[in-house]
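Asks: Below is a structure I'd like to ask you about.
The values are calculated or read from the model by the stated rules, or taken from the named source; none is laboratory data. Quick caveat, the model's predicted, so the values are computed rather than measured. Here the Cβ is made from the backbone with ideal geometry for all residues, glycine too, and neighbour counts use every protein chain on show.
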Amino acid sequence: MNGVSAERRLAELGLELPPPPAPGGEYVAAKKVGRLLFLSGQGPMRNGVPTVVGQVGRDVSLEQGVEAARQATLNALAAIRAATGSLDNVEEIVQLRGFVNSAPGFDRQPQVMNGASKLLVSVFGEAGRHVRCALGTSSLPHNIPVELEMIVSLRQEFGAQASPAEDS
Amino acid sequence: MNGVSAERRLAELGLELPPPPAPGGEYVAAKKVGRLLFLSGQGPMRNGVPTVVGQVGRDVSLEQGVEAARQATLNALAAIRAATGSLDNVEEIVQLRGFVNSAPGFDRQPQVMNGASKLLVSVFGEAGRHVRCALGTSSLPHNIPVELEMIVSLRQEFGAQASPAEDS
Amino acid sequence: MNGVSAERRLAELGLELPPPPAPGGEYVAAKKVGRLLFLSGQGPMRNGVPTVVGQVGRDVSLEQGVEAARQATLNALAAIRAATGSLDNVEEIVQLRGFVNSAPGFDRQPQVMNGASKLLVSVFGEAGRHVRCALGTSSLPHNIPVELEMIVSLRQEFGAQASPAEDS
């Protein structure tokens with residue numbers, strides 16, 4: 001993190017996180033093992049409802065896809081904050097995997113996922129650079145255009161706490 | 001695990017695990033790194049043959065998809081037992097990722113994957129709650145309706161053993 | 001690694017690694033957390049251009065798909081070497097996940113991914129056996145036929161170094 005607060009950067013960017021996502025069933029939004037925090041798949045949902053639906057390249061424009069990736073990322077950040085108390089407990093964004101609901105022939109998944117990647121670097125700086133996998137698919141839950149998942153590492157101090165929250 | 005035996009719960013549920021899946025080639029069913037156990041993708045296979053094939057929402061009903069997810073989960077549990085000796089060596093189910101072979105327009109992948117999630121919580125209790133990613137796709141190996149993969153964490157005592165089995 | 005050098009095996013196989021892949025944006029090719037090295041998705045790219053495009057089972061033959069999986073694997077190995085200095089710093093190949101751009105009805109994704117799996121075992125021996133997930137999808141970036149990602153573990157000596165390269 002280079003000593004810069006991710007929470008402060010988020011505020012400077014004028015961004016507010018939505019309420020943490022509420023998983024629908026038997027699963028949780030985040031789970032910690034050692035210093036790794038695994039996150040459930042996130043889409044552009046607000047209050048359990050998609051803000052946009054359809055396939056990118058047909059129903060949804062590239063620009064809308066980028067915005068959906070940003071919204072999904074904000075949901076993931078909300079899950080991180082809910083699980084750990086603060087984005088400043090993040091050491092690094094390790095991995096981002098994104099599935100883009102793609103019209104036949106649409107192959108610009110990386111451009112869609114850049115919406116997520118750029119946001120992460122804006123908030124976390126160099127520590128926000130991650131390995132990435134951008135993929136296309138033919139269908140996603142609730143017909144959302146983008147679903148992404150992340151693994152982040154937590155600061156050693158946090159990992160050493162006795163009873164870390166493992167769930168949002 | 002809250003002190004409750006997963007093996008006992010499995011028996012109380014009247015469930016028996018199938019023979020551990022035999023990977024077809026150069027890969028293995030499970031691999032351990034530190035306290036994490038990674039599992040290969042599993043489908044509703046028995047003795048190397050799918051019990052059901054096709055796309056959910058067209059060839060395969062939602063109910064059949066749920067059952068396929070359950071069967072795939074039992075195969076994953078068989079791989080865990082084969083790799084570690086007992087389900088009671090599992091500390092927590094960390095992550096579940098499921099791909100549902102989906103007819104065009106089918107978007108109820110979460111309901112399909114609930115078949116896996118509910119089974120995991122039935123067997124492992126609170127420790128069975130995981131982060132999850134439910135995804136749709138247009139094709140899967142052998143035309144199976146569901147493929148899922150898992151990461152689990154192992155009890156510290158087990159992780160400390162000298163030569164853990166890393167393969168089934 | 002059983003004391004055998006992966007770099008030597010690679011040379012004995014007559015294989016040369018391509019230049020390390022250059023991620024296009026805000027992400028990196030490899031990232032290390034503890035002894036785990038996560039890798040970005042790789043395709044059959046050379047100098048940023050796909051060597052083959054299209055769906056396996058329609059535009060691309062099974063044999064071409066296998067070769068594409070091999071090329072993607074060589075790119076992943078190049079990323080590992082760039083991030084760690086040498087393939088000999090790899091302890092084990094932990095996980096391989098491959099997405100095959102599949103024509104409707106194509107279900108031989110495991111055969112395609114065997115191109116990657118066999119190469120890994122050729123280079124790393126027993127340590128190259130991994131858990132695997134072979135998946136089909138309807139579209140991939142740049143219309144490449146195969147995209148794969150890997151997690152590897154690093155030798156303890158390497159993991160103990162003060163400032164491991166985390167990026168290629």
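Asks: Could you tell me which residue of region A:36-53 is farthest from the chain's Cα centre (by Cα), considering only residues that are outside any strand (DSSP E or B) and surrounded by 19 or more Cβ atoms within 10 Å (Cβ to Cβ)?
Replies: If we take residues in region A:36-53 being outside any strand (DSSP E or B) and surrounded by 19 or more Cβ atoms within 10 Å (Cβ to Cβ), then A:52 is farthest from the chain's Cα centre (by Cα).
Conditions tested, residue by residue: (1) assigned to a loop (DSSP other than H, G, I, E, B); (2) out of contact with any Cys (no Cβ under 6 Å at 6 or more places or on another chain); (3) crowded, with 21+ Cβ neighbours inside 10 Å.
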| residue | (1), (2), (3) |
| --- | --- |
| C:107 | yes, yes, no |
| C:115 | no, yes, yes |
| C:125 | no, yes, no |
| C:147 | no, yes, yes |
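Asks: While we're looking at this one, here's another question. Residue A:65: in contact with a Gly (Cβ under 8 Å, 6 or more places away or on another chain), surrounded by fewer than 18 Cβ atoms within 10 Å (Cβ to Cβ), farther than 20 Å from residue C:31 by Cβ and more than 11 Å from chain B (Cβ to nearest Cβ), yes or no?
Replies: When the stated conditions are applied, residue A:65 does not pass them.
Asks: OK, next. Among (1) in contact (Cβ under 8 Å) with a residue 60 or more places away in the chain; (2) closer than 18 Å to residue B:140 by Cα, there is one condition residue B:48 misses while meeting the rest; what is its number?
Replies: (1)
Asks: Taking region C:22-35 only, how many residues are within 7 Å of chain A (Cβ to nearest Cβ), within 15 Å of the chain's Cα centre (by Cα) and of a type outside the set (A, V, I, L, M)?
Replies: Looking only at that region, the number is 1.
Asks: Please go through region B:105-132 and give me each residue that is closer than 21 Å to residue B:55 by Cα and not basic (Lys, Arg), ordered by number.
Replies: B:105, B:106, B:107, B:109, B:110, B:111, B:112, B:113, B:114, B:115, B:116, B:117
Asks: Name the single residue, out of those in region A:7-21 being in a loop (DSSP other than H, G, I, E, B) and without any contact (Cβ under 8 Å) to a residue 40 or more places away in the chain, that is farthest from the other protein chains (Cβ to nearest Cβ).
Replies: A:16
Asks: What's the number of the condition residue C:142 fails, among (1) within 12 Å of chain A (Cβ to nearest Cβ); (2) assigned to a helix (DSSP H, G or I); (3) crowded, with 21+ Cβ neighbours inside 10 Å?
Replies: Failing condition for residue C:142: (3).
Asks: Considering B:46, B:58, B:8, which residue is modelled with pLDDT under 95 and over 23 Å from residue B:132 (Cα atoms)?
Replies: When all the criteria are applied, what remains is B:46.
Asks: Filter region C:22-35 for residues that are in a loop (DSSP other than H, G, I, E, B) and charged (D, E, K, R) and give the result.
Replies: Hits for region C:22-35 are C:26, C:35.
Asks: Among (1) away from chain B (no Cβ under 14 Å); (2) touching a residue at least 12 places away in the same chain (Cβ under 8 Å), which single condition is residue A:79 missing?
Replies: Result: residue A:79 fails condition (1) only.
Asks: Further question on the same structure: Can you tell me which residue in region A:132-152 is nearest to residue B:106 (Cα to Cα), limited to those that are within 13 Å of the chain's Cα centre (by Cα) and not hydrophobic (A, V, I, L, M, F, W, C)?
Replies: A:147
Asks: Of all residues in region A:88-105, how many are part of a strand (DSSP E or B), without any contact (Cβ under 8 Å) to a residue 60 or more places away in the chain and not aliphatic (A, V, I, L, M)?
Replies: Number of matching residues: 6.
Asks: With the structure loaded, tell me whether residue A:117 is of a type in the set (S, T, N, Q) and within 13 Å of chain B (Cβ to nearest Cβ) or whether it fails that test.
Replies: Taking the combined requirement at face value, the residue does not satisfy it.
Asks: With the checklist (1) surrounded by fewer than 19 Cβ atoms within 10 Å (Cβ to Cβ); (2) on the phi < 0 side of the Ramachandran plot; (3) free of Cβ contacts under 8 Å to residues at least 40 places away in the same chain in hand, flag the one item residue A:27 doesn't pass.
Replies: (1)
Asks: OK, next. Can you tell me which residue is farthest from residue C:9 (Cα to Cα) among those in region C:66-87 that are touching a Phe, Trp or Tyr at 6+ places or on another chain (Cβ under 9 Å) and not in a loop (DSSP other than H, G, I, E, B)?
Replies: Once the filter is applied, the top-ranked residue is C:84.
Asks: Sticking with this one: Only one of (1) surrounded by fewer than 24 Cβ atoms within 10 Å (Cβ to Cβ); (2) within 12 Å of the chain's Cα centre (by Cα) is not met by residue B:129, so which one is it?
Replies: Against the list (1) surrounded by fewer than 24 Cβ atoms within 10 Å (Cβ to Cβ); (2) within 12 Å of the chain's Cα centre (by Cα), residue B:129 comes up short only on (2).
Asks: Can you tell me which residue is nearest to residue B:139 (Cα to Cα) among those in region C:68-83 that are surrounded by fewer than 24 Cβ atoms within 10 Å (Cβ to Cβ) and touching a helix residue (DSSP H, G or I) at 6+ places or on another chain (Cβ under 7 Å)?
Replies: This residue is C:70.
Asks: Let me ask another. Mind counting the residues in region A:54-85 that are under 16 Å from the mean Cα position of the chain (by Cα) and of a type outside the set (S, T, N, Q)?
Replies: Total meeting the criteria: 16.
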